[in-house]
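Asker: Got a structure for you, written out below as structure tokens; questions coming shortly.
The values are calculated or read from the model by the stated rules, or taken from the named source; none is laboratory data. Given the structure is predicted, the values throughout are model-derived calculations rather than measurements. Counting neighbours? That spans all protein chains shown, and the Cβs are built from the backbone with ideal geometry, glycine included.
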Amino acid sequence: MAIQKTVYPEFKISAKVVYVPSESRPDQGYHFFAYKIAITNLGESPAQLMSRHWIITDALGTKEEVRGPGVIGQQPKINPGQTFEYDSACPLHTNTGSMKGRYFMTTESGESFSVEIPEFYLVAPMAIH
């Protein structure tokens, strides 16, 4: 008897980060970063992004976890070859930090799987010497 293995769609996640000086108050320990995420479906079947789990770490090692449905109020269905992009932001108490996490997805047949969000870094220009 052959065991059927479910093949989940492959996804590529990329992030671009920008420090936002107009929203930051470095003298008060408040640094504001905007980021754009691109989620590309490299597989052969669609999947829907149902929820997210972020781990945000500042320069002091303080971790904050953020969980919630979808992204920016949406639960997008991402078809093969399609890229879904969205903008969001993250304030930090330090001028450097990082973000990583997982997206939780569902196939059309209702099976769930997760996609790793590779770690990316939040670095204010004044942090670079």
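Asker: Does Val115 meet the test of being β-branched (Val, Ile, Thr) and closer than 17 Å to His31 by Cβ? Can you show your working first?
Answerer: Values: β-branched (Val, Ile, Thr): yes; closer than 17 Å to His31 by Cβ: no.
Against the criterion (β-branched (Val, Ile, Thr) and closer than 17 Å to His31 by Cβ), Val115 does not qualify.
Asker: Residues that are touching a Leu at 6+ places or on another chain (Cβ under 6 Å) and buried (at least 17 other Cβ atoms within 10 Å of the Cβ): find the strands (runs of 3 or more DSSP E) completely inside segment 79-125 holding 2 or more of those. Lay out the reasoning, then the answer.
Answerer: Numbers: elements: 83-92, 96-107, 112-123.
In segment 79-125, the matching strands (runs of 3 or more DSSP E) lie at 96-107.
Asker: Suppose we keep only residues that are of a type in the set (Phe, Trp, Tyr) and closer than 16 Å to Val123 by Cβ within segment 18-64. Which one would you say is surrounded by the most Cβ atoms within 10 Å (Cβ to Cβ)? Steps first, answer last, please.
Answerer: The initial filter retains those residues of segment 18-64 that are of a type in the set (Phe, Trp, Tyr), namely 19, 30, 32-33, 35, 54.
Then keep just the ones that are closer than 16 Å to Val123 by Cβ; that gives 19, 30, 32-33, 35.
Numbers: Tyr19: 17, Tyr30: 13, Phe32: 18, Phe33: 24, Tyr35: 16.
For segment 18-64, the residue satisfying everything is Phe33.
Asker: Restricting segment 17-69 to residues that are basic (Lys, Arg) and under 19 Å from the mean Cα position of the chain (by Cα), which is farthest from Phe113 (Cα to Cα)?
Answerer: Applying the first criterion (basic (Lys, Arg)) to segment 17-69 yields 25, 36, 52, 63, 67.
Checking the rest, the ones that are also under 19 Å from the mean Cα position of the chain (by Cα) come to 36, 52, 63, 67.
Numbers: Lys36: 23, Arg52: 12, Lys63: 24, Arg67: 16 Å.
Here the answer is Lys63.
Asker: So, one more: Keeping to segment 43-66, report how many residues are part of a loop (DSSP other than H, G, I, E, B), at pLDDT 95 or above and either within 11 Å of Ile78 (Cα to Cα) or among the aliphatic types (A, V, I, L, M) (or both). It would help to see each step written out before you state the result.
Answerer: Going residue by residue through segment 43-66, those that are part of a loop (DSSP other than H, G, I, E, B) are 43-46, 59-62.
Next, only the ones that are at pLDDT 95 or above stay: 46, 59-62.
If we keep only those that are either within 11 Å of Ile78 (Cα to Cα) or among the aliphatic types (A, V, I, L, M) (or both) too, we end up with 46, 59-60.
Qualifying residue count for the region: 3.
Asker: Right, something else. Considering only segment 75-83, I want to know if a residue exists there that is among the small types (Gly, Ala, Ser), more than 14 Å from Gly97 (Cβ to Cβ) and out of contact with any strand residue (DSSP E or B) (no Cβ under 6 Å at 6 or more places or on another chain).
Answerer: Yes, there is a match, as at least one residue in segment 75-83 is among the small types (Gly, Ala, Ser), more than 14 Å from Gly97 (Cβ to Cβ) and out of contact with any strand residue (DSSP E or B) (no Cβ under 6 Å at 6 or more places or on another chain).
Asker: Next up: Cβ-Cβ below 6 Å, separation at least six or inter-chain, first residue in segment 70-91 and without any contact (Cβ under 8 Å) to a residue 40 or more places away in the chain, second surrounded by 14 or more Cβ atoms within 10 Å (Cβ to Cβ) and among the charged types (D, E, K, R): which pairs?
Answerer: Sorted first by the residue in segment 70-91, then by its partner, the pairs are Val71/Arg52.
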